Amino acid sequence: MLSANGGAPAVPLDDSYIHFQFARSFANGHPFVYSPGAAPVAGATSLLWPLLLALPQLLGVRGLALIPWAWGFGFVALGLLGYETARAAERVTSERIAWLAGVLVLTFSANTWFAASGMEVVPLAWLLMRCARRAAEWLEGDRKRLWELLLLAALAPAMRPEGALGSLLVAAALFFGAKGSKRTLGVAALAFVALPPAIYEVFTGHATQTTTLVKWLPFNPYLTCSALLQTVLGNVHLFLSTLLDGQLWSAAYIPEHARLIAWLSLPALIFAGQARQANIRAWLLVALGLGILIPTTYDSFLWNRLRYLWPFAAPWLIGIVALSDQLGELAALWRPKLGMLRYALATAAGIALCSKFPFALEDLADSAHAISSQHVELGRWAAKNLDSDARIGVNDTGAMAYFSDRQIFDVVGLTTAGEARYWSAGAGSRFEHYEHLPRNALPTQFFVYPGWFGIEPLLGPCFQHRTVHATILGGETMVACTAAYWSLGTGEAAAAPEFWKRAPLDAVDVADLESEQAHDYVVSPATQTEDVVITDGVVVDGARRNRRRDRFWLNVAARARFVARLGADEPVSVTLRIAGRLIDSWLVSKQSFEEHAALLPEDLATGPAEVEVRAETGSFTAAHYWVY
């Protein structure tokens with residue numbers, strides 16, 4: 001990593017700098033204030049990791065000098081994880097081979113990659129394994145250091161939300177390992193899961209993390225229950241069939257064609273628990289190992305080199321050692337000397353894992369160089385060249401905030417309060433949302449990937465760019481442009497001159513989440529990619545594509561004019577019904593948009609009415625509806 005970056009420390013993920021920036025806020029005495037002038041935000045996915053990184057910042061460590069500290073914490077955690085894993089394996093494998101589980105932890109290249117990433121992945125893995133081992137020991141009769149169990153139950157969810165699994169394991173041990181009123185200790189341990197949300201609520205006014213709103217599939221505004229279940233099951237299948245087989249996203253860490261062994265590893269733990277009378281320990285480890293399925297509920301399941309999976313990998317490695325041990329014992333039944341096969345098989349597994357190190361380390365260095373060459377360089381450029389009161393709009397918020405020392409407007413909403421909802425909805429909804437914001441709350445510049453940003457009219461003249469080819473990045477070219485807001489509001493009125501000076505009786509602004517909600521606009525079925533910005537070069541409006549039917553409520557009146565702004569990729573016939581009554585039909589053929597007007601009947605009742613716009617065949621793009 002150092003050689004790839006000219007001797008300078010670097011990290012391979014932009015998210016690492018988010019932790020560094022929150023650590024700075026803690027060190028400066030302004031917790032959760034992500035950038036100068038910003039409101040506190042519940043964007044710190046980890047509480048414990050930034051607090052740990054704040055310690056060297058209190059000593060005056062700044063800039064790139066913080067990275068070696070993060071490396072140090074990460075590799076200390078890796079050593080502790082190896083030790084804990086070996087100890088956890090002791091009763092479910094032969095004493096002579098348990099230590100190899102710790103060796104496999106060290107030979108698993110994903111652990112090394114993330115120990116050097118500046119992220120909390122390996123520290124979380126260590127805390128989870130410690131929770132599992134101490135919970136097992138408590139249920140096995142070692143009732144020492146109750147305080148440690150309670151401390152672990154508090155620390156694990158503070159490291160990351162998935163750490164709640166560690167609290168659950170400790171709570172189960174305390175509940176089932178005690179009698180009477182002492183069982184309340186289990187409830188107390190589980191209550192620590194609520195501590196991070198309580199802290200967020202106190203300091204930011206919001207108990208839910210912004211990361212949860214953006215990345216957790218149950219919060220996706222477009223997924224029905226059945227679609228959610230289908231998506232999660234698809235992710236589970238992808239994990240079992242592709243990722244465990246060392247294919248595509250996991251190729252840097254898992255040997256190719258390894259899925260059969262992986263499938264057998266957790267069942268091997270269950271068998272070992274039965275055979276060695278260590279059922280409790282085995283099932284606790286299996287529960288921890290199954291935690292690897294938690295990220296299948298994330299929209300970001302495959303992001304960032306699968307970083308959400310690896311905190312749960314150690315029990316699978318113990319399972320491989322247990323499987324080797326069992327095969328060795330089986331062979332020894334035929335010929336005692338073949339019992340040595342257990343060492344050969346476990347060693348072969350370690351060698352197979354080690355074979356991935358060249359690939360993983362090269363990727364680590366390349367990724368760190370890419371982040372430094374693009375994000376870090378642009379952040380430093382901003383610090384030198386932008387006014388101190390600049391507000392930078394970004395879709396990767398880490399390095400830009402850490403190095404620019406400028407206020408950040410995170411269009412994704414991870415570190416800017418109130419933006420997550422609109423990012424999840426789509427580009428059209430963000431455009432409509434920006435129309436409602438005061439101009440002094442909007443960015444003065446955008447440093448974004450244009451494709452990700454999705455609102456080209458807001459990008460004015462661009463004065464810098466960095467093009468880097470690396471898969472860790474969200475795009476090849478990140479541009480730095482002046483913000484341009486001429487387009488905001490241009491789509492509020494119908495285009496025909498007769499409507500310019502007339503206030504509408506009512507209007508539905510499609511993709512404007514507040515307008516849709518106020519008019520009971522039926523969004524589903526829809527997707528984020530269909531929530532777009534459309535323009536004819538003069539008027540710009542948020543819209544929803546691929547609509548077959550729009551239904552909503554609108555105030556109408558007799559002899560009023562109903563106006564619809566619609567577009568279509570292919571010519572489509574569209575009908576308008578109000579209160580179930582056919583009013584008009586139009587042929588829509590422009591890809592950008594066109595407007596159609598209908599005179600409402602004299603006998604139409606005045607007041608709210610259900611409106612339906614339906615495509616006879618095909619689909620249309622809906623942008624705006626008015627009644628004048």
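For region 464-475, a residue qualifies if it is under 24 Å from Arg305 (Cα atoms) and surrounded by 15 or more Cβ atoms within 10 Å (Cβ to Cβ), and the qualifying residues are Arg466, Val468, Ala470, Ile472, Leu473, Gly474, Gly475. Across region 127-159, the qualifying residues are those that are out of contact with any helix residue (DSSP H, G or I) (no Cβ under 7 Å at 6 or more places or on another chain) and of a type in the set (A, V, I, L, M), and the one among them that is farthest from Ile199 (Cα to Cα) is Leu146. Within region 187-199, residues that are within 23 Å of Val33 (Cβ to Cβ) and open to solvent by less than 50 Å² (accessible area, probe 1.4 Å) reach partners that are of a type outside the set (S, T, N, Q) and part of a helix (DSSP H, G or I) with beta carbons closer than 7 Å, at six or more positions or on different chains, in the pairs Pro196/Pro157; Pro196/Ala158. Check whether at least one residue in region 542-550 is at negative phi, touching a Phe, Trp or Tyr at 6+ places or on another chain (Cβ under 6 Å) and in a loop (DSSP other than H, G, I, E, B), and report yes or no. No, the conditions are met nowhere in region 542-550.
Filtering Pro457, Pro461 for residues that are open to solvent by 40 Å² or more (accessible area, probe 1.4 Å), outside any loop (DSSP other than H, G, I, E, B), under 29 Å from Asp512 (Cα atoms) and in contact with a strand residue (DSSP E or B) (Cβ under 7 Å, 6 or more places away or on another chain) leaves a single hit, Pro461. Among the residues of region 68-85, are any in a helix (DSSP H, G or I) and more than 25 Å from Glu162 (Cα to Cα)? There is at least one residue in region 68-85 that is in a helix (DSSP H, G or I) and more than 25 Å from Glu162 (Cα to Cα). Residue count for region 569-607 under the criterion of being outside any strand (DSSP E or B), under 25 Å from Asp536 (Cα atoms) and in contact with a Lys or Arg (Cβ under 7 Å, 6 or more places away or on another chain): the result is 1.
Checking each residue in region 229-259 for being within 22 Å of the chain's Cα centre (by Cα), open to solvent by less than 30 Å² (accessible area, probe 1.4 Å) and within 19 Å of Phe114 (Cα to Cα) picks out Leu243, Leu244, Ser250, Ala251, Ala252, Tyr253.
Scanning region 513-533 for residues that are in a helix (DSSP H, G or I) and either of a type outside the set (A, V, I, L, M) or open to solvent by less than 70 Å² (accessible area, probe 1.4 Å) (or both) yields Leu513, Glu514, Ser515, Glu516, Gln517, Gln528, Thr529, Glu530.
Among the residues of region 564-602, just one is surrounded by 21 or more Cβ atoms within 10 Å (Cβ to Cβ) and farther than 20 Å from Arg548 by Cβ, namely Leu600.
Specify which of the listed residues (Phe403, Phe409) is open to solvent by less than 20 Å² (accessible area, probe 1.4 Å) and either at pLDDT 95 or above or part of a loop (DSSP other than H, G, I, E, B) (or both). On inspection, the qualifying residue turns out to be Phe409. The residues of region 349-367 that are open to solvent by 40 Å² or more (accessible area, probe 1.4 Å), of a type in the set (Asp, Glu) and either under 13 Å from Glu256 (Cα atoms) or in contact (Cβ under 8 Å) with a residue 12 or more places away in the chain (or both) amount to a single one, Asp366. Mind listing whichever residues of region 260-304 are closer than 17 Å to His237 by Cβ and open to solvent by 40 Å² or more (accessible area, probe 1.4 Å)? If the condition is that a residue be closer than 17 Å to His237 by Cβ and open to solvent by 40 Å² or more (accessible area, probe 1.4 Å), then Leu260, Trp263, Leu290, Leu293, Ile294, Asp299, Leu302 are the ones that fit.
Going by the structure shown, is Tyr308 within 23 Å of Leu81 (Cα to Cα) and touching a Ser or Thr at 6+ places or on another chain (Cβ under 9 Å)? When the stated conditions are applied, Tyr308 passes them.
Total residues in region 504-536 satisfying the condition of being among the small types (Gly, Ala, Ser), touching a residue at least 24 places away in the same chain (Cβ under 8 Å) and farther than 19 Å from Val574 by Cβ: the figure is 2. Return yes when Val479 is more than 20 Å from Val510 (Cα to Cα), of a type outside the set (Gly, Ala, Ser) and out of contact with any Asp or Glu (no Cβ under 8 Å at 6 or more places or on another chain) and no when it is not. The answer is yes for Val479. Restricting the first member to region 213-231 and to residues that are in contact (Cβ under 8 Å) with a residue 12 or more places away in the chain, and the second to residues that are open to solvent by 40 Å² or more (accessible area, probe 1.4 Å) and basic (Lys, Arg), the beta-carbon pairs closer than 7 Å and six or more apart or on different chains are Leu213/Arg421. Filter region 478-494 down to residues that are open to solvent by less than 10 Å² (accessible area, probe 1.4 Å) and within 27 Å of Ala564 (Cα to Cα) and give me whichever is nearest to the chain's Cα centre (by Cα). If we take residues in region 478-494 being open to solvent by less than 10 Å² (accessible area, probe 1.4 Å) and within 27 Å of Ala564 (Cα to Cα), then Ser487 is nearest to the chain's Cα centre (by Cα). Could you identify the single residue in Leu106, Leu127 that is at pLDDT 95 or above, of a type in the set (A, V, I, L, M), crowded, with 24+ Cβ neighbours inside 10 Å and in a helix (DSSP H, G or I)? Only one candidate qualifies: Leu127.
For beta carbons closer than 6 Å, sequence separation of 6+ or different chains, a first residue in region 433-449 that is among the β-branched types (Val, Ile, Thr) and a second that is open to solvent by less than 50 Å² (accessible area, probe 1.4 Å) and not in a loop (DSSP other than H, G, I, E, B), the qualifying pairs are Thr444/Arg391; Thr444/Ala483.
Output the residues belonging to region 208-228 that are farther than 16 Å from Pro295 by Cβ and either in a helix (DSSP H, G or I) or of a type in the set (Val, Ile, Thr) (or both). Residues satisfying the conditions are Thr208, Thr210, Leu213, Thr224, Cys225, Ser226, Ala227. Hey, among the residues in region 130-146 that are acidic (Asp, Glu) and in a loop (DSSP other than H, G, I, E, B), which one's surrounded by the most Cβ atoms within 10 Å (Cβ to Cβ)? Among those residues, the one meeting the criterion is Glu140.
Mind checking which pairs have a first residue in region 252-278 that is closer than 29 Å to Leu139 by Cα and a second that is basic (Lys, Arg), Cβ under 9 Å, 6 or more apart or different chains? Close Cβ pairs satisfying both conditions: Leu269/Arg281; Ala272/Arg91; Gly273/Arg91; Gly273/Arg281; Arg276/Arg91; Gln277/Arg91; Ala278/Arg91.
The values are calculated or read from the model by the stated rules, or taken from the named source; none is laboratory data. Fair warning: this is a prediction, and the values are worked out from it, not measured in the lab. Here Cβ is always computed from backbone atoms with ideal geometry, including for glycine, and neighbour counts include all displayed protein chains. Remember, those area values only see protein heavy atoms, side chains included, never the ligands or the DNA or RNA. Shrake-Rupley method; radii C 1.70, N 1.55, O 1.52, S 1.80 Å.
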